[in-house]
Amino acid sequence: MDIQNERRRLLDEEDADDESPTGVRSEQDAYLDRVKNGKMYLATFVAVLGPMSFGFVLGYSSPAIPELKSMDTDPRLRLDADQASWFGSIVTIGAAIGGLLGGWMVDKIGRKLSLMFCALPFVFGFTVIIAAQNVWMLYLGRALTGLASGVTSLVVPLYISEMAHERVRGTMGSCVQVMVVLGIMGAYLVGLFLDWRWLAICSSIPPTLMLFLMCFMPETPRFLLSQGKRREAEEALRFLRGSDTPVEWECARIEDACDEQGSSLSLADLKDPGVYKPLFIGVMMMLFQQWTGINAIMFYAETIFEDANFKDSDFASVIVALIQVIFTAVAAVIMDKAGRKVLLLISGVGMTISTAVFGVYFHLTSGQPGNGSLPTLVSADLNPHPDFAWLALASMGVFITAFALGWGPIPWLVMSEIFPTKVRGFASAACVLANWGTAFIITKTFKDLMDLITSAGTFWLFSGMCALNVVFTIFFVPETKGKTLEQIEANFRGTPAL
């Protein structure tokens, strides 16, 4: 069906009385005014049970490791310091592999089936942990849940961005990070009351629910149209937009964009500015997210709270997670009004200042030059400096708030928005691999870096990276607020939007 005829028909139905000078914009507004969002919200909720599962995986190690390190009833499961480090970090290796697997899956079997598939290693992984008889079974369980986390971190943002329309896509996409931090907080809270095996049982509930409920949700219209399934795409749009919405117009618009792109990826496509520009931006945003030092801040959180006389470090971890949940939710609410770029800039500036102050704190409380040892922050006379504890607490609060507002949720959201349909799997896999690969490297080399350039120098290095991400945002990151995925692609190509 010709797209121009669809546009004229929609305008006739809406009386064509919009005085906007841009015809396409008035059609878009007229169409979106008729959309019903209820079932789209339902589909989003089901999808983000995946990121909640991912959050439980990340949060699981914090309450579980102390129990496993002091295991007396079964010495086969007792972890030493090195084994505990691997128990926490092996998730990132599995996630990096999962990102590559997810990039292949979303193009071959679709977004919906990929989401259903990734629920299985979540459940199997936690089952292996529950039944663990030795340390290697614990590693295997963590690796499986890491694999599922990598697939989830790629597929869920794509599913939501291709399902949601431009008025709510930012808010819906930000729900991914909201559910991740909610899962982390959930693991911390449950870990206060249950042992590590019961915590694993509770952690397997969200992916089980997602697997069941996803059976009743649709595939994304864009994937269906890329496969030439016009009738199924219209049915999916009617489910997501409401039965009374003239979905033929949106379907025709997406179909026209899919026809222009072609269906298969080739090496020649990497010379296309509509491919290499967003790929560069996506990968760099993932690298900058890890270079902010988020893992380092969270690594030091327990010690900082102890120096501030918070002896119950488990409860302190819940407070940190709660701050993340609150401000990530704030970001989700204002995302489609404030815009992605503004929040990234505010976030980057806040993290630049807070990590610089963190460096000052470590400089004032450090021991001999070159001492970046863990886990205690001490002065030259080996006594803590509680007088400076407020400085560390304030810096950590500002950093977590700033990260949650911008560089936590937005890189994943932008990744899901900027790639053309035919390269979305490949490009998203490259971004996920960059993120998790960098996370593993930073996690495993963090102590060596502090020994080399001191704790203060390490955090000043992070501050410099945060300053660079502000510059990068100003010059390279596009504003995608209120734009269709087709309009975003056209901007990269320098061609008129459909």
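The values are calculated or read from the model by the stated rules, or taken from the named source; none is laboratory data. Given the structure is predicted, the values throughout are model-derived calculations rather than measurements. In this analysis, Cβ positions are derived from the backbone assuming ideal geometry, glycine residues included, and neighbour counts consider all displayed protein chains.
Of everything listed in (1) closer than 17 Å to T44 by Cα; (2) assigned to a helix (DSSP H, G or I); (3) touching a residue at least 24 places away in the same chain (Cβ under 8 Å), the single unmet condition for G191 is (1). Within the bounds of region 225-233, is there any residue that is free of Cβ contacts under 8 Å to residues at least 24 places away in the same chain and either under 13 Å from V48 (Cα atoms) or buried (at least 19 other Cβ atoms within 10 Å of the Cβ) (or both)? Yes, because at least one residue in region 225-233 is free of Cβ contacts under 8 Å to residues at least 24 places away in the same chain and either under 13 Å from V48 (Cα atoms) or buried (at least 19 other Cβ atoms within 10 Å of the Cβ) (or both).
Answer yes if at least one residue in region 246-269 is at pLDDT below 90, under 24 Å from the mean Cα position of the chain (by Cα) and aliphatic (A, V, I, L, M), and no otherwise. Within region 246-269 (the criterion being at pLDDT below 90, under 24 Å from the mean Cα position of the chain (by Cα) and aliphatic (A, V, I, L, M)), the answer is no, since none of the residues qualifies. Criterion applied to K112, K36 was being outside any helix (DSSP H, G or I) and modelled with pLDDT of 85 or more, and the one residue passing it is K36.
Would a scan of region 68-76 turn up a residue that is at pLDDT 85 or above, surrounded by fewer than 16 Cβ atoms within 10 Å (Cβ to Cβ) and either of a type in the set (G, A, S) or closer than 19 Å to K447 by Cα (or both)? No, that holds for no residue.
This table checks each residue for (1) at pLDDT below 90; (2) hydroxyl-bearing (S, T, Y); (3) closer than 25 Å to A321 by Cα; (4) buried (at least 24 other Cβ atoms within 10 Å of the Cβ).
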{"residue": "A119", "(1), (2), (3), (4)": "no, no, yes, yes"}
{"residue": "F126", "(1), (2), (3), (4)": "no, no, yes, yes"}
{"residue": "A131", "(1), (2), (3), (4)": "no, no, no, no"}
{"residue": "G141", "(1), (2), (3), (4)": "no, no, yes, yes"}
{"residue": "T152", "(1), (2), (3), (4)": "no, yes, yes, yes"}
{"residue": "V156", "(1), (2), (3), (4)": "no, no, yes, yes"}
{"residue": "V168", "(1), (2), (3), (4)": "yes, no, no, no"}
{"residue": "M172", "(1), (2), (3), (4)": "yes, no, yes, yes"}
{"residue": "Q177", "(1), (2), (3), (4)": "yes, no, yes, yes"}
